[in-house]
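Below is one structure; the comments refer to it alone.
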Amino acid sequence: MSGLICIAGGKGSPGATTFALALALSDLEPVTLVDADPDGGDLAAWLGISATPGLVSLAAAARHSFAGGEFVRHVQHVQTGIKLLGSPSSPEQVEASLTSLGRPFAQILAAGPAIADIGRWRSGSPATELVGAAHAIVLVVHPTVAGVAHARYQYEDLTTRCTNVVVACRGDRPYNAAEVAEAIGCAAAFSIPTDRVGASMLTGSTRERWLRRTPLVRSAHDLRHSISPAEEVAS
Ligand SMILES: Nc1ncnc2c1ncn2[C@@H]1O[C@H](COP(=O)(O)OP(=O)(O)O)[C@@H](O)[C@H]1O
Ligand SMILES: [Mg+2]
């Protein structure tokens, strides 16, 4: 994998953060996982580590000068081989940090390999710079009437910012991936299996080797390999 993949959520907690973590675990190659959810971070708590150092300490350090070398000092190496730039649960702190880090930060992540959980997407989100620098965006959708209605607007907006937007449905009830794709107006939608056991293992602090064999992480692996490399989609 190369470049930056942003994972965006839709209405009703469809599982964006869980899928971002599954995606990070889906390859043995180390990846930088960034918690850029403007509603507040979850990943540091899920992985059982402190959110400091992380996004907020990076933003504070970068206020004076932002060199790429600074970035690595705020990333924590997690047991699984994931390098996490975590965030606290305070929305105000995450929003302010993303706004002040701005484009130079997005450009560093664009070199990848990096995965950013950008939370629920809306136009004007503090994660806008990350979306602009991403080589692919995965929009995770609950396949319900409300979830799909909401995702239509998000998809329309995201496709004006990135040429590679993938819709991923969590589960297939009441609508399956083909029905969701048709309603949203995209050629196809990826299907994330409902995997309560895998999801709860990911959101707890247990990190087991066989986690990589759960349906959820296997599906993340499939999606990761279906996204074309950054250099092929760069415009
Ligand atoms: N593929 C899945 N199958 C079953 N449950 C899931 C799946 N993905 C996420 N969940 C569960 O759904 C809830 C919300 O997940 P989360 O990743 O926090 O959503 P979001 O980031 O979109 O708000 C959590 O309880 C999580 O365990
Ligand atoms: Mg989330």
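Starting from the Cα-Cα distance between SER200 and ALA187, subtract it from 0.36 nm times their residue separation and give me the gain in nm to one decimal.
On the way: separation 13, 0.36 × 13 = 4.68 nm, distance 3.11 nm.
Answer, rounded to one decimal: 1.6 nm.
Give the range of the longest stretch in the chain that excludes all trypsin sites (Lys or Arg not before Pro) found in loop regions by DSSP and having at most 11 other beta-carbon atoms within 10 Å.
Segment 74-235 is the longest.
What's the FRET efficiency of SER13 with THR159 using the Cβ-Cβ distance as r and R₀ = 25 Å, to the nearest 0.05?
So, using R0 = 25 Å, E works out to roughly 0.60.
I want the local charge near ASP117. Using Cβ-Cβ distances under 11 Å, sum +1 for each Lys or Arg and -1 for each Asp or Glu among the other residues.
Spelling it out: positives minus negatives among the neighbours equals -3.
Might you tell me the accessible area per residue for segment 4-226, computed with a 1.4 Å probe and given in Å²?
Dividing the accessible area of segment 4-226 by its residue count gives 44 Å².
Based on C-alpha coordinates, I'd like the Rg and Dmax of the chain, in Å.
16.4, 51
Please give the Cα centre distance for segment 2-46 versus segment 75-124, rounded to the nearest Å.
Cα centres, segment 2-46 to segment 75-124: 9 Å.
Counting only DSSP beta bridges with both residues in the chain, what percent are antiparallel, rounded to the nearest 5?
5
Multiplying the sequence separation of SER100 and SER65 by 0.36 nm and subtracting their Cα-Cα distance, what value in nm do you get? Before the final figure, lay out each step's value.
Details: separation 35, 0.36 × 35 = 12.60 nm, distance 1.16 nm.
Taking SER100 through SER65 to full extension adds about 11.4 nm, to one decimal.
Would you please name the chymotrypsin sites (Phe, Trp or Tyr not before Pro) within segment 21-98 that are DSSP coil residues with at most 13 other C-beta atoms within 10 Å of their C-beta?
In loop regions of segment 21-98 (DSSP not H, G, I, E or B), there are no sparsely surrounded chymotrypsin sites (Phe, Trp or Tyr not before Pro).
How long is the gain from ASP222 to ARG173 if the chain were fully straight, where each residue apart is worth 0.36 nm and the alpha carbon distance is subtracted?
Going from the current span to full extension adds 15.5 nm.
Net charge near ASP42, counting Lys/Arg +1 and Asp/Glu -1 over other residues with Cβ under 12 Å of its Cβ? Don't skip to the end; give the middle numbers.
On the way: positive: none; negative: ASP35, ASP37, ASP39, ASP117.
Result for the neighbourhood of ASP42: -4.
May I ask for the angle, rounded to the nearest 10°, between helix 215-226 and the longest principal axis of the chain, with both axes built from Cα atoms and the value confined to 0 to 90°?
The helix 215-226 is inclined about 80 degrees to the chain.
Counting only protein heavy atoms and a 1.4 Å probe, tell me what percentage of the chain's accessible area is made up of carbon and sulfur.
That fraction is 50 percent.
Calculate, in whole percent, how much of the Cα-Cα pair population of segment 108-155 lies beyond 12 Å. Spell out each step's value before the answer.
On the way: 732 of 1128 pairs.
The share of Cα pairs beyond 12 Å in segment 108-155 comes to 65 percent.
Using only helices, what value at 222 nm comes out for the chain when you add -39,500 (n - 2.57) per DSSP H run of length 4 or more and divide by the total residues, to the nearest 500 deg cm²/dmol?
When only DSSP H runs of four or more count, the value is -12000 deg cm²/dmol.
The values are calculated or read from the model by the stated rules, or taken from the named source; none is laboratory data. Just so you know, these numbers come straight off a predicted model, no measurement behind them. Neighbour counts run over all protein chains shown; Cβ positions are idealised from the backbone, glycine included. Note: areas computed on protein heavy atoms with side chains; ligands, DNA, RNA excluded. Shrake-Rupley method; radii C 1.70, N 1.55, O 1.52, S 1.80 Å.
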